[in-house]
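Report on the following structure.
No lab work stands behind these numbers, since they all come straight from the coordinates. Just so it is clear, the structure is predicted and the values come from calculations on it, not from any experiment. Cβ coordinates were reconstructed from backbone atoms using ideal geometry, including for glycine residues, and neighbour counts include every protein chain displayed.
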Amino acid sequence: MRVIGVDPGLRHTGWGVVEFKNNKIFHIKDGSISPSSKFDDGKRLLEIKNQLLEIINLYNPKMSVIEKIFVGSGSISSLKLGMARGASMVALAEAGLSIKELSPKFVKKTVTGYGSASKEQIKAMIEKLLNVIPKNEDSSDALAIAISGQIIGHDSSLSFSDENNGLSLAITKALLKEQNK
């Protein structure tokens, strides 16, 4: 099954496409959508939606996964992130894809084994898991989101939740490692 992961942002929306085939995860493509800062917010959101639709049409994923919003102390930045997330979700829905939503902590825990992993740790694991260097930080996160969605969406034996213990996580990581041999 082919999956697109989306890491929304008004300045940079990361995207990554992976495919699960014959018990292995393959990198298809990754990148980011970066609308001009000269555009007003409405035009930037439209650009995100339109470019994401083009990417979906080009790579034909069967499932989509998007990161949930982490609400920090900056209410304006959270609001803008929410707008970019909404534009991305409209594109995914318009393409007819089901949308899974995952927390940042869950994605980090799935890919690295640590829910508070740094962006560098995520990127390092993506490089190991997919044997590819992501285009940028945003696309690296999007690939991690896609992999996390692929794991919970493909096979219930690979599925785990934020509440599971370390054994489940160790098993999932071992299965991922085995799949990529």
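For a Förster distance of 22 Å, can you work out the FRET efficiency between the beta-carbons of N57 and R11, rounded to the nearest 0.05? Mind dumping the intermediate values first?
Working: r = 24 Å, r/R0 = 1.08.
Efficiency at R0 = 22 Å is approximately 0.40.
Compute the Kirkwood hydrodynamic radius of region 14-57, taking the inverse of the mean of 1/r over all pairs of distinct Cα atoms, and give it in Å to one decimal.
12.0 Å
Within 10 Å of each residue's Cβ, count the other Cβ atoms and sort E101, E54 from fewest upward.
E54, E101
Take the Cα of L79, step 7 Å along the line toward its Cβ, and report every residue of region 11-43 whose backbone nitrogen sits under 20 Å from that point.
11-12, 37-43
How large is the Kirkwood hydrodynamic radius of region 15-106, counting all unique pairs of alpha carbons, in Å?
14.4 Å
For each of D141, D41, D30, count neighbouring Cβ atoms within 10 Å of the residue's Cβ, then give the residues from fewest to most.
On the way: D141 30, D41 14, D30 27.
Listed from fewest to most nearby Cβ atoms, that is D41, D30, D141.
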